[in-house]
1. Can you go through ALA353, ALA300 and tell me which one is closer than 21 Å to HIS256 by Cβ, at pLDDT below 95 and crowded, with 24+ Cβ neighbours inside 10 Å?
2. Does the range 92-112 contain at least one residue that is among the aliphatic types (A, V, I, L, M) and in contact with a Leu (Cβ under 7 Å, 6 or more places away or on another chain)?
3. Which condition does PHE210 not pass, out of (1) farther than 18 Å from ILE145 by Cβ; (2) surrounded by fewer than 16 Cβ atoms within 10 Å (Cβ to Cβ), if it passes all the others?
4. Can you tell me which of (1) more than 27 Å from ALA348 (Cβ to Cβ); (2) among the hydroxyl-bearing types (Ser, Thr, Tyr); (3) touching a Gly at 6+ places or on another chain (Cβ under 8 Å) is the one SER414 doesn't meet?
5. For SER363, work out the one condition from (1) surrounded by fewer than 23 Cβ atoms within 10 Å (Cβ to Cβ); (2) touching a residue at least 60 places away in the same chain (Cβ under 8 Å) it doesn't fulfil.
6. Any residue at all in the range 93-111 that is over 30 Å from SER186 (Cβ atoms) and among the acidic types (Asp, Glu)?
7. Checking THR398 against (1) assigned to a strand (DSSP E or B); (2) closer than 13 Å to VAL418 by Cα; (3) β-branched (Val, Ile, Thr), which single condition isn't satisfied?
8. What is the number of the single condition among (1) crowded, with 18+ Cβ neighbours inside 10 Å; (2) hydrophobic (A, V, I, L, M, F, W, C); (3) touching a Leu at 6+ places or on another chain (Cβ under 9 Å) that PHE483 does not meet?
Amino acid sequence: MKTGQMSLIVALLYGCTTNLGFEKRDGHPDTGVTDTADQTELDVAWDEVMDPTVDPTDTFGDTQDEDGHVAVCGNGSIEEGEDCDQDGPVDCDTTCGTVGSRSCVGCAWGDCVPPAEICNDVDDDCDDLTDESGTLVIHGGPARISSDPATSAVPSMAIGDTGIAVVWQDDRSGHQEIHFARVSASGTIHTNDLAITATSTHSMEPHVSFGRGDMNIAVSHVDSGATGIWVLAADEDGAVTTAMRQVSTAGSQPAHRPSIFATAAGYLVSWDTGSSVYGLKLNPAGIPSGAPQEYGASSAPSMDATLVMGEVGAAIVWTEDATSDLDVMAVLVNSDATVSVAEQVLVAGPAGASSPDMVWTGSSYAVAWQDDRAESDAVYLSWLGADGTPGDLPSRVTGAAGDARQPALAWTGSGYGVAWVDDADGGWILRVVMASPSGVPLLAPLAVSDGTGSASHPDILWDGSYLVVSWQDDRDGNDEIYFASIDLSACP
């Protein structure tokens, strides 16, 4: 006979009062034992009497607590195995140090949800941005920085030690020359509309960068009827320090869209001819070291080349019509322009891709371009790893209304500033938006130009405090160069 059964018989023989008609709170009929015997043991004994298969060592079962209760989620009581039960949201610590909230789901606490962003100089919502809950606002400008009623076009910018350098092409002399202005983020012009080339033919499509103690400029220049790539250097006031010289070899096809960046061993230059893309190393004096390197399919039109330096080497992107559809191509090169990772399709047609721009984030390259996969032109973002690995599927940055074209891209350290022009409101307006590291727009786009004229050819940079943008605008009846800076953290 089992111990529990013996205990019950002994209790009954000794005349303990019984009341088998009442239920105890644990659901078992009351044994009626009122002496000092262990009530739980008697409860188990009763189970054994009713069901001899019950194991007396399994006192509570899988769904009961120590008192024999079955835990039921939703009954308003926190029972064994539950963290909460119908509790309201409670405070919790977020990953960025703010106070969030979490809710009770299935009697367990859910994730800590950050609070909404507010204007307090803190990243409340843990997205690595501070006070972005408001709208982007103009900090400085818009200011016209070209000063002659001639055609001024295709600006390029770089951040120097004493301000922001803006260069552009200008035909006030009857042919295209390169002009320069130095401005501050507030829109103040420190060096006003200075011609830094003086030739008898055209100098066009300037690209500017700082390095090796100078402002370095590459241009597409016409000489003896041939259009090639020439370079020059100037100080931050626009005084030429190295005279303009040709670096591309003479060819039957004109060279356009140059880029130039300083390297530890000299300079790296790229350009395209509409049929091929080229890269070239220059020594510290700006003289070519070896022959240009050619990229792209020789049988396919290749155009819109742009070069950006990475941590080691550089990347060049362009559009190529190898399959009757414009693809975005990419190649990684060493500082001497030789290939480090072979060219590849970054964005495949049939989207009609064009106007790529690129920026280095510190760990990878981000690429923006326009294409018409959604019938109208829109701006998209994708990525290229430092090892040449393509990124995820493209992220669309611009909205559905109108055509969005000519994207420009900047990296702030925690997200992207993206500029483009669109005709969503009827005219070509310059807009800027902030996007997350994954390319998702964070705020409503800011219309930077006023819409009274057509804006085009934007360039955008991050100066450490503001997004700065320059563009071509014909609001004055002819194309001029405008500049503005944008505050990312302005709140209502």
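The values are calculated or read from the model by the stated rules, or taken from the named source; none is laboratory data. For clarity, every value in this text was computed on a predicted model and none was experimentally measured. No Cβ is skipped: glycine too gets one built from the backbone with ideal geometry, and neighbour counts run over all protein chains shown.
1. Values: ALA300 fails: crowded, with 24+ Cβ neighbours inside 10 Å.
Being closer than 21 Å to HIS256 by Cβ, at pLDDT below 95 and crowded, with 24+ Cβ neighbours inside 10 Å holds for just one of ALA353, ALA300, which is ALA353.
2. Our first condition is that a residue be among the aliphatic types (A, V, I, L, M); within the range 92-112, this holds for 99, 105, 108.
Applying the additional criterion that residues be in contact with a Leu (Cβ under 7 Å, 6 or more places away or on another chain) yields none.
The answer is no; no qualifying residue exists.
3. Failing condition for PHE210: (2).
4. All conditions are met except number (3).
5. The failed condition is (2).
6. yes
7. Status for THR398: all satisfied but (1).
8. Of the numbered conditions (1) crowded, with 18+ Cβ neighbours inside 10 Å; (2) hydrophobic (A, V, I, L, M, F, W, C); (3) touching a Leu at 6+ places or on another chain (Cβ under 9 Å), the odd one out for PHE483 is (3).
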